[in-house]
Structure formats: structure tokens, C-alpha cells
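Right, one structure below, let's go through it.
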Amino acid sequence: MTVPQITLNDGNSIPQLGYGTFKVPPADTQRAVSEALELGYRHIDTAAIYGNEEGVGQAIADSGISRDELFITTKLWNDRHDADEPRKALQESLAKLGLDQVDLYLVHWPTPANDNYLNAWQQLIKLREAGLTRSIGVSNFLVPHLEKIVTATGVTPVVDQIELHPAHQQQDVTAWAADHDVRIESWGPLGQGKYDLFGTEPVAAAAQAHGKTPAQVVIRWHLQHGFILFPKSVHRERLAQNLDVFDFELTDAEVAAIDTLDPGDGSGRVSAHPDEVN
Ligand code: NAD
């Protein structure tokens, strides 16, 4: 099993498939991340707000895997966009992770009502220059937010990590990203289990045709669209299953059939709208 590497617009590369740790309980994180690393995951997505960076750090330290084989992402929380708070926040995250540098640091949400995400982005540019993170990006940014930071700074994020799954494909954001060499990271790639994605006809039919599970079909759909993703599970067999997706390929027709699952009016969103998180 080899996870493809994607080259980012700053020249760094990222494993296209990783392990996400949202809602992995702090007490269970070291065990779950250790199992993920044993199974072959090398890309871990966490965030300050998840409260589990220490567990991620312990698993990394225990693993014996050399640092340059790992790709670690964490995120700046919404109440730390002002002044030089981002530096303090990243230093706290690094201490919890037991690292000198993360591979990717993201502004977690734009919080537009607070009107301070541009400062957060300017601070992240400095944190990259200072070597505290190798790459910088954003999360939950819609096109106006992306336009604003790029126009003001001339620095384009390497990724935008957004809610993306078959019922919510955010084609305005993905089109903007494609035009600006920004890679999309799909969060909630399995719809967070909040709708019956696995029971939909195109997903179920492809699973049947390939002798794979519906989750594996949806993961392939993301990969074949070129999205980066990190499905979450705390169960070893599902962690293994979610990585076992490189021995089959969906046909163009199967991908196109899954594409039709987005109602096209935004109603497929399963979590918060970025303009409403402040
Ligand atoms: P997800 O779509 O990955 O869904 C996770 C759920 O899917 C699990 O709880 C489990 O119930 C189910 N599942 C996982 N593997 C399965 C399998 N093989 N078979 C059946 N069911 C399976 O949702 P997520 O965890 O919210 O998203 C993935 C990651 O994205 C997160 O862990 C986190 O790292 C990131 N994320 C980021 C943001 C953000 O605002 N930037 C928000 C949410 C999540």
C-alpha cells in the first residue's frame, strides 16, 4: 500500500490520505493514533480545539518513526486571531505535540464577524518564515475570505480544508481553488455519519461491483477527485479498511453517479456554515 503524495503550491508534499482526530477523546488518542501509525498512516490531522494534541504527540514519540516521514497538521482556534496570539497558540500546540515544527498550520475558521482573519493569516506567514510550520493554509474559508487574504498578502494558502462529501461538494470553492493552485482537503469526508451516504444507490452499487465497503467507495471518490482526506475512526478494523483503498478504482461513470448526490442548493451541508461560526 502506497499513499500518493500531493505536491503543494509551496513545493512541499502531503500524503493524500491521512487520519483525522476530531472527537477522538483525549484519553483514547494515544492508542488510536499509535494504531493508525502501525497500520501505515503517516499524515495526522488535529487541532488545538480538539484537546488531543498531547495524545497525538505521545503516539508520535512512541512510534519511532522518523520525523520526516510524518505529516502533522494542527489548527489555530477562533479566539486567537488577534495581535501575535497565533504565535503563542502555535508554540502551545508544538509543546503539546512535542515537536519543533508542524508540517501544516491552518486558520481553523474565518470567523468573519470578528473581522480578524486577515491578521491571523499575516501572522501565519511570519510563523512559516520563522520555521515553526513548513506550510500554511486555511480551513472553512469561502471564496470572499480566500480573495481577501490573497489580495492583501499575495500569499496563497496551500490548502483550504472544507466540509466536503458527496451531498456537499462546494463547487464554487473547489473551482476557485483549482484556479489558484490551492488543494482541497475534505473534512467530514464520510458525511460524519449524519446522513445515509452509504445506503445511496451509486455508493452501494459501486461497493457491490468492486467487493469493497461503501466507506471505501466514498474514500476513492475523494481520491479520484484529487482531494486530500483523513477519515476518522477509533476502531482498528475501520482504520485498516479506510487505508485499504489502493487496489481498486471507480469508473468514470461511478464517480459521475456519486457526483449527482449533491442537491446543488447547499442543503447537503451537515455542519455549520462558515459565516455563522464566530
Ligand atoms: P468523517 O466523515 O470522517 O466521519 C467519521 C465517522 O464516520 C466516524 O465517527 C464513524 O462513525 C464513521 N466511519 C469512519 N470509518 C468508517 C468505516 N470504514 N465504515 C463505516 N463508518 C465509518 O468525519 P470527521 O471526523 O468530522 O472528519 C474527518 C476529519 O476532518 C476529522 O477527524 C478532523 O480531522 C477533520 N475535521 C475538520 C473540521 C474543520 O473545521 N476543519 C471539521 C470537522 C472535521
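Of everything in the range 185-201, what is assigned to a helix (DSSP H, G or I) and near the ligand (Cβ under 7 Å from one of its atoms)? Give them in sequence order. Full working, then the answer.
Of all residues in the range 185-201, those assigned to a helix (DSSP H, G or I) come to 191-193, 201.
Listed by number, the residues that qualify are G191, Q192, G193.
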| field | Where a residue in the range 39-60 is open to solvent by 20 Å² or more (accessible area, probe 1.4 Å) and its partner, wherever it lies, is of a type in the set (D, E), with Cβ under 9 Å and at least six apart | value | R42/E69; A48/E92
| Before we move on, is T29 under 22 Å from I149 (Cβ atoms) and either modelled with pLDDT of 95 or more or part of a helix (DSSP H, G or I) (or both)? | no
| said: Just to be sure I understand the filter: pairs with C-beta atoms under 9 Å, separated by 6 or more residues or on different chains, first member in the range 112-139 and within 14 Å of L94 (Cα to Cα), second member among the acidic types (D, E) and buried (at least 17 other Cβ atoms within 10 Å of the Cβ). Which pairs pass? | reply: T133/D103; R134/D103
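Of the residues V234, V270, V255, which single one is under 21 Å from T73 (Cα atoms), open to solvent by 10 Å² or more (accessible area, probe 1.4 Å) and touching a helix residue (DSSP H, G or I) at 6+ places or on another chain (Cβ under 7 Å)?
Working: V270 fails: under 21 Å from T73 (Cα atoms); V255 fails: under 21 Å from T73 (Cα atoms).
The match here is V234.
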| Yes/no for T174 being surrounded by fewer than 22 Cβ atoms within 10 Å (Cβ to Cβ) and within 16 Å of the ligand (Cβ to nearest atom) | yes
| note | Those residues of the range 61-79 which are touching a residue at least 12 places away in the same chain (Cβ under 8 Å) and charged (D, E, K, R) amount to D62, R67, E69, K75
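Residue under question is V234, and the condition is that it be assigned to a loop (DSSP other than H, G, I, E, B), within 12 Å of the ligand (Cβ to nearest atom) and more than 22 Å from T174 (Cβ to Cβ); does it hold?
Numbers: assigned to a loop (DSSP other than H, G, I, E, B): yes; within 12 Å of the ligand (Cβ to nearest atom): yes; more than 22 Å from T174 (Cβ to Cβ): yes.
Here the answer is yes, as V234 does meet what is asked.
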| field | Criterion (closer than 20 Å to Q161 by Cα and open to solvent by 40 Å² or more (accessible area, probe 1.4 Å)) met by exactly one of Q192, Q208 | value | Q192
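Would you tally the residues in the range 202-231 being of a type outside the set (F, W, Y) and within 12 Å of the ligand (Cβ to nearest atom)?
Taking the range 202-231 and keeping what is of a type outside the set (F, W, Y), we get 202-220, 222-226, 228-229, 231.
So of that shortlist, the ones also within 12 Å of the ligand (Cβ to nearest atom) come out as 203, 207, 212-219, 222, 228-229, 231.
Looking only at that region, the number is 14.
The values are calculated or read from the model by the stated rules, or taken from the named source; none is laboratory data. Being a predicted model, the structure only gives us computed values, none of them experimental. All Cβ positions, even for glycine, are placed from backbone atoms using ideal geometry, and neighbour counts span all protein chains on display. Side chains are part of the model used for accessible areas, which takes the heavy atoms of the whole protein and leaves out ligands, DNA and RNA. Shrake-Rupley method; radii C 1.70, N 1.55, O 1.52, S 1.80 Å.
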